[in-house]
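Notes follow the structure.
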Amino acid sequence: MKSRGRVIVLHFVGQMPLAGIAWQAMHYVLGLERLGYEAWYIEDGGANPYDPRRNSVVMDCEYNVDYVRRMMEAYGLGDRWAYWDAINDVYHGLSRERVRALYRDSDALLNLCGATRLREEHMQCPVRIMVDTDPVYEQIKYAKADPAARAYLDAHTHFYTYGENIGAEDCPVPLSGVAWRPTRPPVIPDLWPHDPRQPEAFTTIATWENKGKNIAFDGAEYTWSKHVNFVRFLDVPQRVAAPFTMAVLTPNDAVTREIAANGWRVIDPRPTSSSMTAYAEFIAGSRGEFTVAKDIYVRPNSGWFSDRSACYLAAGRPVVTMRTGFSKFYPAGTGLFEFSTMDEVLAAFAAIDSDYARHSRAAREIAGEYFATDRVVSRLMNESGV
């Protein structure tokens, strides 16, 4: 069958070799393949690699390159990737020359998470799609006329954001003339087979403290770190008759003790993130997800939704998550619940407990109807003219 076109996915799995990030990339790569495109994974952003085993940025990228290689080979795409080791200026996978040729010969590149600051070689690709998975921050930087932020975004031809409510009257985030279009995290439901068991523990996988992207606009200060909202609901395990597990790296033992004192079982997330299979097994072995969202997504009513939560839904695991405005675009109340108050949290868990099988089915139906790649990625590509 003739390909519908050649598309490059730019991302940062090698820089941050964690399974959640790998799944994020592969839902696009495999989604494009299933739609009939020829998909390639390229990582040439140049950032120094992180080694989760050491919890540190490192100079040696061997572990990182191997993670990307295994990710692509697992789906029969072992010849369709490249990783640029900027420290030593060495390309792994595809050669430098082959990567440059791909930019010239491809129909589109998809800059997932805005992982790459586009350079001259990227500009040879005629359609350059920005997929903003972390809304609000870049929009505000652009509105402040930050020259670097404007050059970074202006290098693209099409603009998509997980902030589906951006541009609406009830969302104060400025557009500044950029033609942002809504999108959402895609999943491939058949890669998340439903386990009919009813596990006991609700879980989440989290980064406790995020730094570097707090931002102010129009008299409001928006906080990037997730823990700010987690502390407001940290005692949920003491109020719900179910076990709760948080896979998280904390900044110190005092924080770990505080989380545990509120009834959470705290585990090291690195074994779970060591492979895509382990990550999927962790989610499949969960009763559902309980999590919060970052302040920067919540208070502006951005409409953001988590790609990790979409994976829980695809696995038939109900999700209880913080209200960001997403329920304007897909249903909440059965299988998927939103909250702003503790009463809403407790009502969600009571509903799930009353008929778990129904909410499990509904979670999977929501994933198929609203997040499946044949809908999400197809729309993105069609609207971009590819």
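The values are calculated or read from the model by the stated rules, or taken from the named source; none is laboratory data. Values in this document were obtained by computation on a predicted structure and should not be read as measured data. So basically every Cβ, Gly included, is an ideal-geometry build from the backbone, and we count neighbours across all protein chains shown.
Residues 334, 373: which one is more than 29 Å from residue 109 (Cα to Cα) and in contact with a helix residue (DSSP H, G or I) (Cβ under 6 Å, 6 or more places away or on another chain)?
334 is the lone residue from the list that is more than 29 Å from residue 109 (Cα to Cα) and in contact with a helix residue (DSSP H, G or I) (Cβ under 6 Å, 6 or more places away or on another chain).
Can you find even one residue in region 101-115 that is polar (S, T, N, Q), within 30 Å of residue 174 (Cβ to Cβ) and assigned by TED's automatic domain parsing to the domain that holds residue 148?
Among the residues of region 101-115, at least one is polar (S, T, N, Q), within 30 Å of residue 174 (Cβ to Cβ) and assigned by TED's automatic domain parsing to the domain that holds residue 148, which makes the answer yes.
Got a number for residues in region 241-252 being at pLDDT below 95 and not β-branched (Val, Ile, Thr)?
Total satisfying the criteria: 4.
Return the pair list, or none, for Cβ contacts closer than 7 Å from residues in region 253-269 that are among the small types (Gly, Ala, Ser) to residues that are part of a strand (DSSP E or B) and modelled with pLDDT of 95 or more, at least 6 apart or on different chains.
260/266; 263/244
In region 1-13, which residue that is within 15 Å of the chain's Cα centre (by Cα) and in contact (Cβ under 8 Å) with a residue 60 or more places away in the chain is surrounded by the fewest Cβ atoms within 10 Å (Cβ to Cβ)?
Initially, region 1-13 is screened for residues within 15 Å of the chain's Cα centre (by Cα), giving 9-13.
Okay, now just the ones that are also in contact (Cβ under 8 Å) with a residue 60 or more places away in the chain, so 9-12.
Values: 9: 26, 10: 24, 11: 26, 12: 22.
If we take residues in region 1-13 being within 15 Å of the chain's Cα centre (by Cα) and in contact (Cβ under 8 Å) with a residue 60 or more places away in the chain, then 12 is surrounded by the fewest Cβ atoms within 10 Å (Cβ to Cβ).
Looking only at helices (runs of 4 or more DSSP H) that fall completely inside region 124-243, which ones have 2 or more residues that are in the same structural domain as residue 303 (by TED's automatic domain parsing) and surrounded by 14 or more Cβ atoms within 10 Å (Cβ to Cβ)? Outline the logic, then answer.
Working: elements: 137-143, 147-154, 227-230.
It comes to 227-230.
Rundown of residues vs (1) outside the structural domain of residue 276 (by TED's automatic domain parsing); (2) touching a Ser or Thr at 6+ places or on another chain (Cβ under 7 Å); (3) farther than 24 Å from residue 96 by Cβ; (4) crowded, with 21+ Cβ neighbours inside 10 Å, yes/no style:
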{"residue": "25", "(1), (2), (3), (4)": "yes, no, no, yes"}
{"residue": "31", "(1), (2), (3), (4)": "yes, yes, yes, yes"}
{"residue": "34", "(1), (2), (3), (4)": "yes, yes, yes, no"}
{"residue": "41", "(1), (2), (3), (4)": "yes, no, no, yes"}
{"residue": "47", "(1), (2), (3), (4)": "yes, no, no, no"}
{"residue": "52", "(1), (2), (3), (4)": "yes, yes, yes, no"}
{"residue": "56", "(1), (2), (3), (4)": "yes, no, yes, no"}
{"residue": "61", "(1), (2), (3), (4)": "yes, no, no, yes"}
{"residue": "68", "(1), (2), (3), (4)": "yes, no, no, yes"}
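Among the residues of region 207-258, write down those that are in contact with a Pro (Cβ under 8 Å, 6 or more places away or on another chain) and hydrophobic (A, V, I, L, M, F, W, C).
208, 217, 220, 244, 247, 248, 249
Got a sec? Which of 79, 107 is closer than 30 Å to residue 190 by Cβ, surrounded by 14 or more Cβ atoms within 10 Å (Cβ to Cβ) and over 23 Å from the mean Cα position of the chain (by Cα)?
None of the other options fit; the residue is 107.
Return the total of residues in region 87-123 being part of a helix (DSSP H, G or I) and touching a helix residue (DSSP H, G or I) at 6+ places or on another chain (Cβ under 7 Å). Explain how you work it out, then say what you get.
Kept after step one, since they are part of a helix (DSSP H, G or I), are these residues of region 87-123: 96-105, 122-123.
Cutting the leftovers down to touching a helix residue (DSSP H, G or I) at 6+ places or on another chain (Cβ under 7 Å) gives us 103-104, 122.
Count: 3.
Within region 330-346, track down each residue that is in contact with a strand residue (DSSP E or B) (Cβ under 8 Å, 6 or more places away or on another chain) and not aromatic (Phe, Trp, Tyr).
332, 335, 336, 338, 340, 344, 345
Before we move on, is residue 298 over 19 Å from residue 25 (Cα atoms), hydrophobic (A, V, I, L, M, F, W, C) and within 17 Å of the chain's Cα centre (by Cα)?
Considered against the rule, which asks whether it is over 19 Å from residue 25 (Cα atoms), hydrophobic (A, V, I, L, M, F, W, C) and within 17 Å of the chain's Cα centre (by Cα), residue 298 comes out as yes.
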